[in-house]
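The values are calculated or read from the model by the stated rules, or taken from the named source; none is laboratory data. This is a predicted model, so every value here is computed, not measured. Note that each Cβ is placed from the backbone with ideal geometry, even for glycine, and that neighbours are counted across all protein chains shown. Ligands, DNA and RNA are excluded from the accessible area calculation, which covers all protein heavy atoms including side chains. Shrake-Rupley method; radii C 1.70, N 1.55, O 1.52, S 1.80 Å.
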Amino acid sequence: MILMQSSPLLGSGNWIGSIEEVFLAILRSDAEPSKRDSDKSSKSSQTERSSVVSSRETSTDKKAEMNLRPESLKEYIGQSRLKNLFQMSLEAAKSRGEPLDHVLLYGPPGLGKTTLARILANEMGARIHVSSGPSLERPRDIIGLLHQLEQKDVLFIDEIHRLNKIAEELLYPAIEDFMVDITSGKGHATRTLRLPIPRFTLIGATTKAGRISKALRDRFGFVHRLDFYSLEELSLIVKRACKLFSLNIDEDAVAVIAGRGRGTPRIANRLIRLVRDYVHYKNYPVITVDIAHEALDSYQVDKLGLDATDRRLLEIMIETYNGGPVGIDALAATIGEDSETVEDVYEPFLIQGGLIQRTSRGRMATPKAYQHLGRTVPAMQMNLEMLISEDGSA
């Protein structure tokens, strides 16, 4: 088919073969494990939170959520605007007999990006191939994935912001032209082989859209943010999960669990499993409001969805630093965590919940934080909004 000379991927000497053989040769090459990948995974794990209310997915979550995940857009709860857009796009794509345009989903972890990707594949009647950015280190990783694709398949890449430059550049022609460019040889003997691949849909998911290069982001036809869920939406999710778990639960108890779910379905589903274990251990026939409170209090999850570490961080700000302002490095050193963990793992929900404010002078505890911990709000914190206004910071 095409002559390849002195290829670093296919070996030295002349080589003639089919597209299939080219793919297989690439997959057999570059087989050494990537140290950089393991280093990245190790670094990432250092900033993950081990907690009942962590939005990061655990192995237990994966097993449990397989039975809880909806299979269609009709079953999917929340993200109404996004569902309507996808419904229109799916119908249009199916009527034309084409794959869905490429999709980028971003937002905090636990809001249903992976679930949505699986639903879109189901709605298109297509297979889904699942991978993640950190695992796609070498050319053979990307080529291997693309080689498996068939017409209209869905390729889902989680944590797509962690793709390295080589992997990202290999994806560009695959996304735009449904081709893979492979370079072989050195110097004047350099050859570029362009291999066709089936038309497919790439769905990328990320919690950090700002870290995705503009070149990659612009190649997606749909770029959508997933929002935190309302109390009403989480209540519907809790009801559905209780039905699937065959749990008897009062209407008011549903609201108690949903209210501590931090606007995140993954956390709400985890709390349901914990309450289920509690009532089975205590042999309670029905989950009432009092039992729901009792169960969640035993796991140290309060009415705002804060755990012991969240409350400790607020207490340190109030007691040690008089409510702030305090720098992120000083706060991290006092709580015994690195600043990146505090900033990426603990702060987002506390800020979103109105318990912490970022100002140009540092972090400050809000009056709501004092009231939640049962502390008297000092005059300085009562005038916090005025201070923030003067700083020109929100």
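Summary of computed values
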| item | result |
| --- | --- |
| Full-stretch length increase - GLU232, GLN151 - with 0.36 nm per residue and alpha-carbon distance subtracted | 25.2 nm |
| Mean separation of Cα contacts under 8 Å (6+ apart) over length of region 188-263, as relative contact order % | 29 |
| Region 170-312, accessible surface, carbon-and-sulfur percent (1.4 angstrom probe) | 50 |
| Computed lengthening from THR320 to ASN84, 0.36 nm per intervening residue step minus Cα-Cα distance | 80.1 nm |
| Cα-Cα over 32 Å, subset of LYS83/LYS368; LYS282/LYS303; LYS83/LYS152; LYS113/LYS165 | LYS83/LYS368 |
| Leading residue at positive end of dipole, region 270-336 (Cβ point charges), from TYR281, GLY324, ALA292 | TYR281 |
| Where labels lie 7 Å past Cα in the beta-carbon direction, separation of HIS293 and ASN67 in nm | 3.0 |
| Per-residue HN-Hα couplings for region 121-138 [Karplus 6.51, -1.76, 1.60; θ = phi - 60°; Hz; x = Gly/Pro] | 5, 4, 5, 8, x, 10, 6, 10, 10, 10, 8, 9, x, x, 7, 9, 8, 10 |
| Residue-span extension gain [GLN300 to ASP338] - 0.36 nm each, minus C-alpha spacing | 11.3 nm |
